[in-house]
1. If I filter segment 198-226 down to residues being farther than 30 Å from Gly587 by Cα and open to solvent by 90 Å² or more (accessible area, probe 1.4 Å), which single residue comes out as modelled with the lowest pLDDT?
2. Look at Arg320 and say whether it is open to solvent by 60 Å² or more (accessible area, probe 1.4 Å), of a type outside the set (Val, Ile, Thr) and closer than 21 Å to Asp487 by Cα.
3. Output the number of residues of segment 586-613 satisfying the condition of being open to solvent by 50 Å² or more (accessible area, probe 1.4 Å), over 16 Å from the mean Cα position of the chain (by Cα) and in contact (Cβ under 8 Å) with a residue 24 or more places away in the chain.
4. Going through Tyr560, Tyr569 one at a time, which residue ends up being buried (at least 24 other Cβ atoms within 10 Å of the Cβ) and in contact with a Gly (Cβ under 6 Å, 6 or more places away or on another chain)?
5. Which count do you get for residues in segment 74-90 that are under 30 Å from Ala624 (Cβ atoms), open to solvent by 20 Å² or more (accessible area, probe 1.4 Å) and part of a strand (DSSP E or B)?
6. Restricting attention to helices (runs of 4 or more DSSP H) lying wholly within segment 417-519, give those where 2 or more residues are within 28 Å of Ile315 (Cα to Cα) and open to solvent by 10 Å² or more (accessible area, probe 1.4 Å).
7. Could you count how many residues in segment 274-284 are open to solvent by less than 50 Å² (accessible area, probe 1.4 Å) and over 17 Å from Leu564 (Cβ atoms)?
8. Mind listing whichever residues of segment 248-269 are open to solvent by 20 Å² or more (accessible area, probe 1.4 Å), modelled with pLDDT of 90 or more and either among the aliphatic types (A, V, I, L, M) or farther than 21 Å from Ile640 by Cβ (or both)?
Amino acid sequence: MTKRNINKKIRKADTSSVFVAKKTREKEMAKWGQNKMFYLSAIASLIAICVAPLKAELFPSGLFQSKQHSKLKMDEALLTVINELETEVTVYWVSQWCYQCLYQPLGVVPAVTSPGQPGSKEFIVSTQHEITLQANSTPGVLDLCTVSFHFGEQGNYSLWLQNISISVANCSIVTDVDPINNYTPILIAFLVFAGLGLFYALAKAILTLDWVRGVLFRIGGSMETERLINSELGSPGRTVMPMTDNILPPPPSPSKRLRSLDTFRGICLIIMVFVNYGGGRYWFFRHESWNGLTVADLVFPWFVFIMGTSIALSINSMLRSGSSRTSLLKKVVWRSLQLFIIGIIIINPNYCQGFLSWDNLRIPGVLQRLAWSYLVVASLDLLVARAHLDILPTDAWWSSCVDVLLYWPAWIFVLLLEVLWLCLTLLLPVPGCPTGYLGPGGIGDMGLYANCTGGAAGLVDRWLLGENHIYQTPSARVIYATQTPYDPEGVLGSINSVVIAFLGLQAGKIILHYRDLHSSIISRFLIWGLFLGIISAALTKCSTDQGFIPVNKNLWSLSYVTTLGCFAYVLLVLVYYIVDVKKWWSGAPFFYPGMNSILVYVGHEVLEDYFPFHWRMVNTQSHAEHLTQNLVAVSCWVLISYVLYRKKIFWKI
């Protein structure tokens, strides 16, 4: 055979191999296209199923079928009072959530004009809580009847007033148009996020299967073949690295910090951002008007608590690395000052228009309280912290309580702070108010102390800071109709924020002294939770309003601190056990914002009114649209914190 024929056969074989490779690639791409269309159609069907109820909530049919519905807003219902009495009637109302409150006038309903023609009048009523309606005869101011009812959002109701006797009437409420189910968006949102979490878990599990990894390897190999065919510089000796089954990137660097602490902080931060953005305009995602708890009242104390835990761990780490206490104290003071200044800037909305004006500058705030709590607790810990805990004796009689007894000077200081709060709150004379008053003022307490909102706490803030430099629209205005400015981040409450931060510091001491002894850490967390829970039960008498010191976020009362401290220890036990002990959960996605908490908090405050965190809504009176906007905003911050984590960008001050 000649050399020419040999070269011809080689070229023919090469052409044949290329042809086969191309045919194989075309078959694989066709099959992939069919699968892709199938998956896309399945996803589109799933989205349609999920969005259908949401569409119904956004555009309920009743909005177009009933004129009464069209003028109702969120948390409102239409009440038509039909008076069959021969005298005009004044209707009063009071919220069942309002403790010892005066009835407020709703309006006057005319009497019967002629036989068979009763008087009537329409009113807008609140649907957030159950309300009590009272009908009084106007000439004699005689109580005719009283009825309690929980109205549904955008429902239409009729209150019939009918004669029984001269001084007694019959009150009955009839539903004319059924209310909408305003909780459907929450269910849909839960199902969507639960579905995403389940999809992520299933995808991660599937990618660990050998046959799936083999398929991915073959797909990767065929794509590499295509690249080599179409590239003039392709090298047939190049190897293809198989795809790993790791969905999440590795952490930036190996670290000994507990992942559960950042997860706990991230949970608090995400809920805080959500409620600050509005929480879908649901009442239980807003702060309680006075006594009691809502979801919004939980997260700030938990954030302060976990800050105290981090203080214990970080100061111990820096002392072990050789840092002096003096240099660390300078860093603590500087960081506290930075937090305070940033807090002043972001809570005063005119900072974008120039220099801040002192005339109405609000001084207290969330970051300011964090700065104060951090300064006091970190300084205390620097005074008593031990750099080397491994040299302590373990056979002494006090070794089982070493995490408390070793730091007794700090404990005495904190207890003295709490005594100071109790004395100022319960014993300080307040002009025009009873000593030790803890009420909301306004129409509460039968309107006897209308200008006594917060008692001593309000007096101290107005005296030290000035009435123009505290919060002007407190949450007590919603139900108790208070007119006095009151700041929930005021001076006296800052004393108790130090206490809950110190309780978090105690959690950090437990972790340090019993590191790697998971059962000891968990048992001590639970003991502290039980101890604080017992104190709360004693202070509140297990009631909302009738205890010695009610749970009150506006006051940051002692029972509020012990109750939220109890909850924090229990939640920390759960997260610690699941994330760090059993490693059933990586902490995602809460872990990422927990690693960049200051950036996320400041960013969400500054960029609150900008897209994609906010946009002009089609229907501003829809819980569904508000909830969608708020959840999208929170999800954006989670995504941003994840990207920053990948880029190893962490803002620390």
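1. Going through the qualifying residues, I end up with Met223.
2. no
3. 1
4. Answer to the selection: Tyr569.
5. 2
6. Of the helices (runs of 4 or more DSSP H) lying wholly inside segment 417-519, those with at least 2 residues that are within 28 Å of Ile315 (Cα to Cα) and open to solvent by 10 Å² or more (accessible area, probe 1.4 Å) span 491-513.
7. Residues flagged as open to solvent by less than 50 Å² (accessible area, probe 1.4 Å) and over 17 Å from Leu564 (Cβ atoms) within segment 274-284 amount to 6.
8. Ile267
The values are calculated or read from the model by the stated rules, or taken from the named source; none is laboratory data. Since we're looking at a predicted model, the values are computed, not measured. So basically every Cβ, Gly included, is an ideal-geometry build from the backbone, and we count neighbours across all protein chains shown. Side chains included, ligands, DNA and RNA excluded: accessible areas come from the protein's heavy atoms. Shrake-Rupley method; radii C 1.70, N 1.55, O 1.52, S 1.80 Å.
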